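Notes follow the structure.
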Amino acid sequence: MKENPTLRLLHQRASLRVYDKRDISQETLDQILQAMMRAPTAGNQMLYSVIVVRDDATKQKLAQSCDHQAFIATAPVLLIFLADHQRWFDYYQQNDVAGYCDRQGLRFEAPQESDLLLAIEDAMIAAQNAVIAAESLGIGSCYIGDIIENYEEQRRLLQLPEYVFPAAMLVFGWPTK
């Protein structure tokens, strides 16, 4: 079988919970974010948003609210992937979709729960692109699913709009020797 660097990367990846003290430069983070934004999305709508967290106080609060996982606060960068259902509501309002449907004699349907599921899928696919991009740069990561467990608390902490929910959190850092 021919050697494939992408498959090798996927097979070698492991969750990383201990990090070297080095920071992740903005340039490197931008590379990860650019790769993340190339992820496929439902209808090309990109129904997710991402919060970059570098602030120690916020990382500490997230570490506590995500099942007291102290290693979260030690990572140089956290990315919080949000299912941004609010984008649908904003799009409908800004483009007067209800008015358009009325003028065209079409039945209007507002955004529904199924659209929220699409937003979650978009967020998770983008998160996986970020993981693979980071891994290709030598940066380790760990998914934090606990961001969902106390989502009401996370929504308050992150000051999220009404129809925006945390879908995943990624912790990034350089591996230790």
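The values are calculated or read from the model by the stated rules, or taken from the named source; none is laboratory data. Treat the numbers as computed from the prediction; the structure is a model and nothing was measured. So basically every Cβ, Gly included, is an ideal-geometry build from the backbone, and we count neighbours across all protein chains shown. For accessibility, only protein heavy atoms count, side chains too; no ligands or nucleic acids. Shrake-Rupley method; radii C 1.70, N 1.55, O 1.52, S 1.80 Å.
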So Ile148, is it closer than 23 Å to Asp67 by Cα and open to solvent by less than 10 Å² (accessible area, probe 1.4 Å): no
Within the stretch 89-115, tally of residues that are open to solvent by 40 Å² or more (accessible area, probe 1.4 Å) and assigned to a helix (DSSP H, G or I): 13
Among the residues listed as Ile148, Ile120, Ile80, the single one being out of contact with any helix residue (DSSP H, G or I) (no Cβ under 6 Å at 6 or more places or on another chain) and assigned to a strand (DSSP E or B): Ile80
Test: Asp30 is of a type in the set (D, E, K, R), surrounded by fewer than 17 Cβ atoms within 10 Å (Cβ to Cβ) and within 21 Å of Met124 (Cβ to Cβ): no
Residue match in the stretch 69-87 (condition: among the hydroxyl-bearing types (Ser, Thr, Tyr), free of Cβ contacts under 8 Å to residues at least 24 places away in the same chain, within 24 Å of Trp174 (Cα to Cα) and open to solvent by 20 Å² or more (accessible area, probe 1.4 Å)): no
Qualifying residue in the stretch 18-40 (condition: modelled with pLDDT under 95 and not in a loop (DSSP other than H, G, I, E, B)): no
